[in-house]
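Everything on this sheet refers to the single structure shown next.
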Amino acid sequence: MMTAWKDACASTAPSKIVVPSGTYMMNSVNLAGPCKGKVTIELAGNFKAPADPSQMKDKNTWVKFEHVDGLTVTGLKGGGSFDGQGQTAWKQNNCAKTGTCDNLPYNFRFNFLNDAKISGISSLNSKLYHMGVLGCKKLTLYDITIQAPANSLNTDGIHIGRSEGINVTKATIGTGDDCVSMGDGAKQVHVESITCGPGHGISIGSLGRYPNEAPVTGVTIKNCKISNTDNGVRIKSWLASYEAIASDLHFEDITVENVGNPILVDQEYCPYGHCKAKTPSKVKISNISFKNVRGTTSTKEAVKLLCSSGSPCEKVELADIDLTFKGGAAVSMCKNVKPIITGKQNPKACGAPAPAVVKCLTVFDITKLGAKPNADATQAMMAAWKDACASTAPSKIVVPAGTYMMNSVSFVGPCKGPITMELAGNFKAPADPGQMKDKNTWVKFEHVNGLTVNGLKGGGSFDGQGQTAWKQNNCAKTGTCDNLPYNFRFNFLNDAKISGISSLNSKLYHMGVLGCKKLTLYDIIIEAPANSLNTDGIHIGRSESINVTKAKIGTGDDCVSMGDGAKQVHVESITCGPGHGISIGSLGRYPNEAPVTGVTIKNCKISNTDNGVRIKSWLNSYEAIASDLHFEDITVENVGNPILVDQEYCPYNHCKAKTPSKVKISNISFKNVRGTSSTKEVVKLLCSSGSPCQKVELADIDLTFKGGAAVSMCKNVKPIITGKQNPKACGAPAPPGP
């Protein structure tokens, strides 16, 4: 690439750099001018960066274009993708701790380009920002795709600063930060036809953090769809800011779906509590409009115009606003601004009181509250929680490196401000269950909004020391499996994120999720021996919008299981084994169970488990419903019953009778399930004669049994069959049953 660029840039004739189809490895490249003629890069091929950030030759950029006039970069069909392979880098991101967010490389920097057009390319998994635009004039970004997971910190899609005449049109952007953002000096920027989400929405700012910032003027955001983001369209400036100007900013024809803060002017911006003081922002915001903004919000506050008392907003217009909140009545709030109101206003403009100014971060270090490594930290942890929960400012509980003994703790809200736990240290529970103060839980989080728990490198492990307890487990004898403590219970949490922690050797279930909404479990490790009875990894019940991503789980029971009332659950990139596989159920054991709906299990590897992916309901059950359940891209290795619907579930022979299950199962699919089975029966759809399964799909199944020919059997179901079927779908007789 560098040789081709050198030759093309030296050519006085127009030149084209061609990248044929294929995937190429590429380290940092600096494609710098000025060039003697116009250069076009035509991309039929794709590129991957080194996964290890330390191997990058340029520590702040992968692909840099700089000081070039008339550049054209075109991605052809099937080509033009640049995969930054940022998964390792995201773990090293320390922006939340330091406030400095430039320690990792961007995928692209477009610096000091004139009359340039970039189209048809894809930026994937950048280690930090995907695209930075600086000092450019007349730059067009068209038909761009930008993708990174929602939990990839500071992976802004396109950030535009100190540039003029920038057009961003027809882009699909989903990241862990802003889809598009404008920094100081952004002038005459037009952003249109953007599909944004996940991420933090489309932003102007943050502004005022540094002295002598250039004005932001003439920005139009138009005809955009924003879905499942933390914010919609927003303007943000720092508390205790320097003076700056933002004017002539217009947001029009914006559709939002399940978006927090759809319309937000935030002049109290203070991420991670890193503002130095609480004085009002000095950024002057004027001549801004929000027109025809419609859709659904995930927060009660649909419109928040939180302007500065030191520099109130001027000439702000709200026109044709129609925003609804599924959880109740939406509200609109205004502070230090008197907007011009035209057209429909749902909710009523400025109809709710605005909150007080955000306060800055308060830190509670448990070692300053009496905790010491290799000693009991229970009281210090509870003292830190009590103080943090009472704080109206954002607060952080810090656990320094070391191993601490800890008995049962109950971290209960509601709390007055958001709380983060940062864990460089590790914990051990009493080995003797009789010494546990709470007989059913070691670590409980309950009734808390906005909780964040981060395990840092080398920390965040919780060892339940369950070896003694497993010998006392009498579940097989009694049928009652709640006589020992879980490692964790997450009860009634909203907007919570738990990442980087390890749950080891729990005495019973590792993690129970109950009554939660919008909970993310990311980069979790769960370990217990295969013979540790009832040590389910993560059990989810009566909860909604739960995401479990990138977890490594090996236990003596299900790796992940869903009980009644699990709704909109997404489980992806799980490595499971040993254990009992990934399960929905068991269902129907109790009266009035809530439906299980909207569950997706995707891109998982299951090895050396008793089962693969399964749905199970009890014989002699009560009525219940399980629908819209999907298993996709599942790889199995030496797994019993790789695909199992079991409506004849009766563990330890504890069902009172053997009448058919009354659980209604419908709209389920098993797609692209491949690998090896330890049992001859690789597909078993054993549905109830009393309530046959409906709308069941088997697509692209390829499962083999080392001991001979594998078989697929079906009972009380007529599945939809598509794609490859190895073995032949429903080709073997099912065993008799009720």
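Only one of 396, 428 is under 22 Å from residue 508 (Cβ atoms) and of a type outside the set (Ser, Thr, Tyr); which? Give the steps one after another, and end with the answer.
Working: 396 fails: under 22 Å from residue 508 (Cβ atoms).
It is 428.
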Open item on the list: Restricting to the stretch 180-194, give me the number of residues that are in a strand (DSSP E or B), open to solvent by less than 40 Å² (accessible area, probe 1.4 Å) and of a type in the set (D, E, K, R).
Closed with: 0
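Counting only residues that are open to solvent by 30 Å² or more (accessible area, probe 1.4 Å) and in contact with a helix residue (DSSP H, G or I) (Cβ under 7 Å, 6 or more places away or on another chain), which one in the stretch 399-423 is nearest to residue 500 (Cα to Cα)?
Filtering the stretch 399-423 down to residues open to solvent by 30 Å² or more (accessible area, probe 1.4 Å) leaves 400-401, 403, 405, 410, 412, 414-416, 418, 420.
If we keep only those that are in contact with a helix residue (DSSP H, G or I) (Cβ under 7 Å, 6 or more places away or on another chain) as well, we get 400, 415-416.
Details: 400: 15, 415: 23, 416: 25 Å.
The selected residue is 400.
Tell me the strands (runs of 3 or more DSSP E) entirely within the stretch 636-708 that contain at least 2 residues that are modelled with pLDDT under 95, open to solvent by 10 Å² or more (accessible area, probe 1.4 Å) and within 18 Å of residue 625 (Cα to Cα).
On the way: elements: 643-649, 663-677, 681-686, 694-705.
Strands (runs of 3 or more DSSP E) meeting the threshold: 643-649.
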TODO: Please determine, by comparing only the residues of the stretch 344-368 that are modelled with pLDDT under 95 and in contact with a helix residue (DSSP H, G or I) (Cβ under 6 Å, 6 or more places away or on another chain), which one is farthest from residue 396 (Cα to Cα).
DONE: 360
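Tell me, yes or no, whether the stretch 727-738 has at least one residue that is part of a strand (DSSP E or B), over 30 Å from residue 534 (Cβ atoms) and touching a residue at least 24 places away in the same chain (Cβ under 8 Å). Step through it out loud before you land on a result.
Step one: of the stretch 727-738, the residues part of a strand (DSSP E or B) are 732.
Retained after the next criterion (residues that are over 30 Å from residue 534 (Cβ atoms)): 732.
The next check asks that each one be touching a residue at least 24 places away in the same chain (Cβ under 8 Å); those that pass are 732.
Within the stretch 727-738, one or more residues are part of a strand (DSSP E or B), over 30 Å from residue 534 (Cβ atoms) and touching a residue at least 24 places away in the same chain (Cβ under 8 Å).
Residue check: is residue 371 within 29 Å of residue 266 (Cα to Cα), in contact with a strand residue (DSSP E or B) (Cβ under 7 Å, 6 or more places away or on another chain) and hydrophobic (A, V, I, L, M, F, W, C)?
Working: within 29 Å of residue 266 (Cα to Cα): no; in contact with a strand residue (DSSP E or B) (Cβ under 7 Å, 6 or more places away or on another chain): yes; hydrophobic (A, V, I, L, M, F, W, C): yes.
It is false that residue 371 is within 29 Å of residue 266 (Cα to Cα), in contact with a strand residue (DSSP E or B) (Cβ under 7 Å, 6 or more places away or on another chain) and hydrophobic (A, V, I, L, M, F, W, C).
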Task: Every residue from the stretch 240-252 that is surrounded by fewer than 24 Cβ atoms within 10 Å (Cβ to Cβ) and assigned to a loop (DSSP other than H, G, I, E, B) - done: 240, 242, 243
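Quick one: in the stretch 565-622, which of the residues that are touching a His at 6+ places or on another chain (Cβ under 8 Å), open to solvent by 10 Å² or more (accessible area, probe 1.4 Å) and not charged (D, E, K, R) is nearest to residue 705 (Cα to Cα)?
Residues of the stretch 565-622 touching a His at 6+ places or on another chain (Cβ under 8 Å): 599-602, 609-611.
Now drop any that are not open to solvent by 10 Å² or more (accessible area, probe 1.4 Å), which leaves 600, 602, 610-611.
Restricting the remaining residues to those that are not charged (D, E, K, R) gives 600, 611.
Numbers: 600: 26, 611: 14 Å.
For the stretch 565-622, the residue satisfying everything is 611.
When the residues of the stretch 328-374 are narrowed to those that are closer than 30 Å to residue 443 by Cα and open to solvent by less than 40 Å² (accessible area, probe 1.4 Å), which ends up farthest from the chain's Cα centre (by Cα)?
Restricting attention to the stretch 328-374, the residues satisfying the condition of being closer than 30 Å to residue 443 by Cα are 358-374.
Cutting the leftovers down to open to solvent by less than 40 Å² (accessible area, probe 1.4 Å) gives us 360, 364-366, 371.
On the way: 360: 25, 364: 27, 365: 28, 366: 29, 371: 33 Å.
Checked the stretch 328-374; the qualifying residue farthest from the chain's Cα centre (by Cα) is 371.
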Open item on the list: Cβ-Cβ distance below 7 Å, separation of 6 or more or different chains: which pairs start in the stretch 295-309 with a residue that is over 15 Å from residue 228 (Cα atoms) and open to solvent by less than 10 Å² (accessible area, probe 1.4 Å) and end on one that is polar (S, T, N, Q) and not in a strand (DSSP E or B)?
Closed with: 307/336; 308/281; 308/336
Open item on the list: For the stretch 195-206, check the following and say yes or no: at least one residue is part of a strand (DSSP E or B), at pLDDT below 95 and within 17 Å of residue 281 (Cβ to Cβ).
Closed with: yes
- [ ] Determine which member of the set 31, 43 is surrounded by 14 or more Cβ atoms within 10 Å (Cβ to Cβ), in contact with a Gly (Cβ under 6 Å, 6 or more places away or on another chain) and of a type outside the set (Lys, Arg).
- [x] 43
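When you go through 255, 229, 217 one by one, which is the residue that is open to solvent by less than 10 Å² (accessible area, probe 1.4 Å) and hydroxyl-bearing (Ser, Thr, Tyr)?
On the way: 255 fails: open to solvent by less than 10 Å² (accessible area, probe 1.4 Å); 217 fails: open to solvent by less than 10 Å² (accessible area, probe 1.4 Å).
Answer to the check: 229.
I'd like to know if the stretch 579-595 contains one or more residues that are of a type in the set (A, V, I, L, M), in a strand (DSSP E or B) and closer than 18 Å to residue 674 by Cα.
Applying the first criterion (of a type in the set (A, V, I, L, M)) to the stretch 579-595 yields 582, 584, 587, 594.
Still in the list and also in a strand (DSSP E or B): 582, 584, 587.
Then keep just the ones that are closer than 18 Å to residue 674 by Cα; that gives 582.
Yes - at least one qualifying residue is present in the stretch 579-595.
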- [ ] Please state which of the following conditions residue 338 fails to meet, knowing it meets all the rest: (1) in contact (Cβ under 8 Å) with a residue 24 or more places away in the chain; (2) farther than 17 Å from residue 226 by Cβ.
- [x] (1)
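The values are calculated or read from the model by the stated rules, or taken from the named source; none is laboratory data. Note that the structure is a prediction, hence the values are computed from the model and not measured. Every residue, glycine among them, receives a Cβ derived from its backbone with ideal geometry; neighbour counts consider all protein chains shown. Only protein heavy atoms, including side chains, enter the accessible area calculation; ligands, DNA and RNA are left aside. Shrake-Rupley method; radii C 1.70, N 1.55, O 1.52, S 1.80 Å.
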